[in-house]
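A quick write-up on the structure given underneath.
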Amino acid sequence: MEENRTRIEVVVRVRPILPEESRQGLINSRIQPETDKKSLVVKFPESKQQKRFKFDDVFDESSTQEELFARLKLNSLVKKVVEGFNATVFTYGPTGSGKTFTMEGYEYDKGLKPIIKENENIGLVPRTVKALFDEIKQSESQVEYTVNCTYIQIYNENIYDLLNPAQLTPNSPGLKMRWNKSDEFYVENLCIFPCFTYQEALSHFNSGLRNKIMASHNINSTSSRSHSIFSLNLEALDKEEGRIVSSRLQLVDLAGSEKTAMTGNEGLALKESIEINKALFTLRQVITTLAENNEAFVPYRNSKLTSLLKQSIGGNSYCLMIACISPIDTFFEDNHSTLNYAIQAGSISNIPVQNIDPKTKIIRELKKEIKRLKKELDQANSQLDFLSEIASLDRKTQKSRLQEMEKLPLKSVHIKRIRDLRKSLELSTSFEPTPVPHTAASQSRGKTEDFPLSQEVLSEKLYDSVKMIRELMAINKKLKEQNSELLSSKKNIEAEFIEIQSENQELKEKTEMLETILRDQVEQANGIKEVENLQKEKKELEWKIAQLEKENKNHSSMQVRKSEWDWKSKRTVLRDHSAKPPKVFTFDRNEGTPINSNGRSSLTPREKQFRTSFNFHKRNTSNGLSFDSQVKQEALSALSNILGYKQL
Ligand SMILES: Nc1ncnc2c1ncn2[C@@H]1O[C@H](COP(=O)(O)OP(=O)(O)OP(=O)(O)O)[C@@H](O)[C@H]1O
């Protein structure tokens with residue numbers, strides 16, 4: 001893994017005062033970019049003090065889009081992306097400070113749709129995308145690149161795919177964010193579009209822009225209501241080395257921080273404002289935490305924006321922050337705070353990492369090792385050939401060949417051997433040669449020929465050569481062992497990789513299962529609450545019914561007493577005014593009807609009918625319960641049915 005710690009690069013851009021602002025007589029008397037193009041001075045008239053802020057670059061009101069692109073060295077950043085490093089460029093600042101102008105550079109019509117025109121104002125996104133494709137064109141021919149793009153917006157803390165209009169419906173809950181094994185968050189089910197040319201990539205960017213949510217408020221007539229991230233994902237396959245490198249370039253236009261009193265936002269716009277400020281608050285928390293203490297817990301997960309920018313801020317990417325400033329004094333507080341956060345961001349370190357596919361990385365190292373071993377083997381073989389050739393030569397030629405061999409680019413140990421060999425050869429020439437019997441062959445070479453090496457010296461040389469061959473063979477064996485060790489470690493890593501993948505899959509499934517259980521539990525909890533409410537309602541009804549019953553009882557006893565009184569008073573009347581002997585009536589307790597001595601009712605049919613209807617509440621029902629009890633029974637059974645219980 002190639003590793004180099006690098007700071008987040010931070011630049012500041014101060015936009016010009018807009019014609020509308022000039023008309024209103026608004027001025028900038030407090031923020032002054034310095035001529036060194038690296039710092040700006042902020043004035044505090046209340047305390048008569050001023051403060052200098054230093055950045056990697058400072059762009060004043062007169063800076064053009066072209067100048068910005070050139071001075072930001074985005075060509076170099078793009079080169080890093082092509083080499084396999086991730087990179088992020090993001091704009092930060094209050095609403096109306098020029099973030100969208102810096103990134104897109106397009107004008108917007110009254111319907112808040114971009115007017116796509118390629119002129120000198122085009123922003124960093126089109127320029128950077130072009131630079132990326134140019135860089136790819138210039139890269140080595142054996143490397144094959146594939147590029148694809150995605151474009152998302154985070155609106156009201158939901159993620160939407162700007163390249164998938166079907167998903168941009170008003171009540172859409174947005175896309176889910178997931179976490180992968182490389183400690184990165186990613187958006188699930190995003191539309192990915194392959195791009196073969198700069199024009200293709202740009203046309204996807206432009207069509208995404210048309211789907212972006214924009215609105216107008218007091219400060220900015222074309223205000224972005226969401227944070228948008230345009231990503232270009234690269235994969236480079238080196239056909240010779242078989243190596244795969246992947247990387248990502250993220251171009252981020254953040255929504256601006258807003259003061260509702262100044263924007264005059266209400267209703268939906270106010271909700272948008274709150275969500276924008278919440279996400280930016282988390283971003284500031286992340287920046288402050290990282291700037292103050294790299295070891296502390298960083299609250300990336302507190303917002304979708306910071307989760308997705310995790311690797312860009314304090315992670316494994318190259319990162320460039322463009323802090324935008326609207327110069328007029330009205331926005332002084334926001335500008336001052338933006339500069340403070342920009343300073344903090346500038347002290348955060350990232351560790352950009354080249355994203356080489358782990359398998360291809362091992363293969364690449366093994367291939368390199370094999371190449372080196374082959375080279376050594378070739379050298380050893382050529383030495384062997386040389387030595388055996390030398391052994392067959394006359395002494396003079398042996399000497400000159402050994403001298404030649406010393407000049408070869410061999411390992412020092414071999415050169416030392418050759419040197420020893422030559423020295424011993426020289427030594428042997430200073431001794432009297434051992435008489436060697438003249439053979440026919442020696443006679444044919446003539447008398448002027450040098451003496452060949454003595455048997456003793458030759459056997460010594462041979463012994464040395466054999467020793468050297470053995471050593472070389474041992475080295476060769478060792479290298480082979482190392483090679484097979486590397487191969488087996490590669491296999492282990494591959495097996496481990498498969499195991500991790502299956503573990504990951506298992507974890508994913510478990511997470512999904514837990515999510516389902518959680519959802520069920522929430523639903524169950526809602527159900528229980530409903531049952532509890534109904535039970536409460538049932539109790540109240542039972543209580544009311546009991547009250548009613550009580551009242552009814554009182555009422556009926558009063559009726560009985562009233563009937564008795566009526567009857568008594570009637571009897572009194574009968575006694576007082578009838579000349580006939582008084583009739584004796586008994587009182588039927590069930591019916592409350594007076595009966596005569598024959599046991600018949602003393603009432604006329606009309607009286608009877610009246611009494612029956614008057615005493616309706618005392619009727620017995622078919623199941624032997626009183627009418628009141630039956631009403632109660634029916635109410636309770638209806639309630640039980642609602643609650644899903646059996647009849648009480
Ligand atoms: N460098 C510049 N030169 C000329 N005009 C600019 C420049 N920067 C910004 N503007 C203009 O200022 C206005 C506000 O800029 P812009 O919409 O880019 O702000 P913003 O920071 O993206 O705001 P928001 O956060 O509300 O989306 C626009 O009309 C834009 O054209």
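Every number here is computed from the coordinates shown, using simple stated rules; none is lab data. Owing to the predicted nature of the structure, the values given are computational and were not obtained by experimental measurement. As a convention, Cβ positions derive from the backbone with ideal geometry for all residues, glycine included, and neighbour counts pool all protein chains shown.
Worth pointing out:
- In Hz, Karplus ³J(HN,Hα) per residue of region 94-111 (6.51, -1.76, 1.60; θ = phi - 60°; x = Gly, Pro): x, 4, x, 8, x, 5, 5, 4, 4, 7, 9, x, 8, 8, 10, 7, 5, x
- A Förster radius of 35 Å, combined with the Cβ-Cβ distance separating SER203 from ASN180, puts the computed FRET efficiency at roughly 0.75.
- Computed from phi, the 3J(HN,Hα) profile of region 4-15 under the Karplus parametrisation 6.51, -1.76, 1.60 (θ = phi - 60°) reads 8, 6, 8, 6, 5, 7, 10, 10, 10, 10, 9, 7 Hz, with x in place of Gly and Pro.
- Qualifying aspartates and glutamates (Cα of each under 13 Å from Cα of LYS310; at least 8 residues distant if same chain): ASP183, GLU184
- For the residue pairs LYS367/LYS491; LYS117/LYS212; LYS130/LYS212; LYS407/LYS480, alpha carbon separations beyond 19 Å are given by LYS130/LYS212; LYS407/LYS480.
- Packing-based exposure ordering (other Cβ within 10 Å, fewest first) of LEU541, LEU309: LEU541, LEU309
- Residues with amide H under 5 Å from that of TYR92, placed H, sequence gap 5 or more: ILE322, ALA323, CYS324
- Ascending count of other beta-carbon atoms within 10 Å, so fewest first, for ILE17, ILE31, ILE351, ILE8: ILE351, ILE17, ILE31, ILE8
- Length gained on full extension, LYS553 to THR516, computed as 0.36 nm times the residue gap minus the Cα-Cα distance: 7.9 nm.
- A straight line joining the Cα centroids of region 277-326 and region 456-495 runs 54 Å.
- The HN-Hα couplings worked out from phi for region 417-423 by the Karplus form 6.51 cos²θ - 1.76 cosθ + 1.60 (θ = phi - 60°) are 4, 4, 4, 4, 4, 5, 4 Hz, whole numbers, x standing for Gly and Pro.
- Under a 5 Å amide H cut-off, with hydrogens placed 1.01 Å from N, TRP179 pairs with TYR186 among residues at least 5 apart or on other chains.
- For ARG243, the residues whose amide H sits under 5 Å from its own are ASP238, ignoring neighbours fewer than 5 places away on the same chain, with H placed 1.01 Å from N.
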